[in-house]
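Read through the structure below, which is laid out as structure tokens, and then see the notes.
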Amino acid sequence: MNTTQTAPAITFELDERGVLLTCPQCGKRNRLRYEGLKQTFHCGQCRAELHLRSEPIDVQSDLIFDAVTRRATIPVLADFWAPWCGPCKMVAPELRKIAAEGVGRWLVIKVNTEELPSLSHRFRVTAIPTMILFQNGLEEARQAGAMPAPAIRKFLEPWLRG
Ligand SMILES: [Zn+2]
């Protein structure tokens, strides 16, 4: 029997119901439902305050994409990218800045168009990177091409009021 206790890995991912994250204190897996996304919440077991990670999150399936874009109570910015795309690599650190600024206000997700080609077909993404802003499952705006963080912020701004 292996009695070695390994420290709980901090994981952070999306499933069909919400954002999953491991409590850094007690290791319990928590799910923050898309309907209740907010800046902080508490671990169901030890009550430690948990924070949404302020980084773009990779989407693993079409189902998860649909769930997060339709059910999240905050706007969702989806970055359609591919590993071979140079401009996508340029925009990645800019998106990290935007994700960090938007903790609890918006969510930044990444769609690898090589792994999820059905999504790029469905949304007629013909160039990458393309950013699409979703609210309540509806596409509100899109922008193709790499942009620095201030331009991304400007692109988001009109959709964050009201
Ligand atoms: Zn905990």
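Readers should treat all values here as calculations from the given coordinates under stated rules, not as data from a laboratory. Treat the numbers as computed from the prediction; the structure is a model and nothing was measured. FYI the Cβ positions are ideal-geometry reconstructions off the backbone, even for glycines, and counts take in every protein chain you see.
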- Whole-Å semi-axes of segment 1-159's equivalent ellipsoid, largest first, each the root of 5 times a Cα gyration tensor eigenvalue? 29, 17, 15
- N136 versus A149: modelled label distance in nm, points set 7 Å from Cα along the beta carbon direction: 3.2
- Give, in nm to one decimal, the length gained when the segment between R96 and D15 is fully stretched (0.36 nm per residue of separation minus the Cα-Cα distance). 27.1 nm
- Rule-of-thumb Rg ratio for segment 120-162 [Cα; 2.2 N^0.38 Å; N residues]: 1.20
- Task: On each of the three principal axes of the Cα atoms of segment 91-138, give max minus min coordinate, whole Å, ordered largest first.
- Result: 30, 26, 16
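Please identify every one of the chymotrypsin sites (Phe, Trp or Tyr not before Pro) in segment 53-162 that sits in a loop by DSSP and has no more than 15 other beta carbons within 10 Å of its own beta carbon. Before the final figure, lay out the partial values.
Values: sites: F65, F80, W81, W84, W106, F123, F134, F155, W159; in loops: W84, W106, F123.
The qualifying sites are W84.
Can you sort M90, M131 by how many other beta carbons sit within 10 Å, fewest first?
Numbers: M90 13, M131 25.
Ordered from fewest to most neighbouring Cβ atoms within 10 Å, M90, M131 come out as M90, M131.
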- At 15 Å minimum axial length over the Cα atoms and a Kyte-Doolittle cut of -1.0, report the qualifying DSSP H helices in the chain, or say none. 86-101
- The alpha-carbon pair-distance distribution computed for segment 32-110, with 10 angstrom bins and whole-percent values, is 18, 45, 29, 7, 1
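Within 10 Å of each candidate Cβ there may be at most 16 other Cβ atoms; applying that plus a DSSP loop requirement, which GluC sites (Glu not before Pro) in segment 77-162 survive? Provide the component values of the computation, followed by the final result.
On the way: sites: E94, E101, E114, E115, E139, E140; in loops: E114, E115.
Passing both the DSSP loop test and the Cβ count: E114, E115.
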- Item | Beta bridge orientation in segment 9-162: antiparallel %, DSSP, nearest 5 | 75
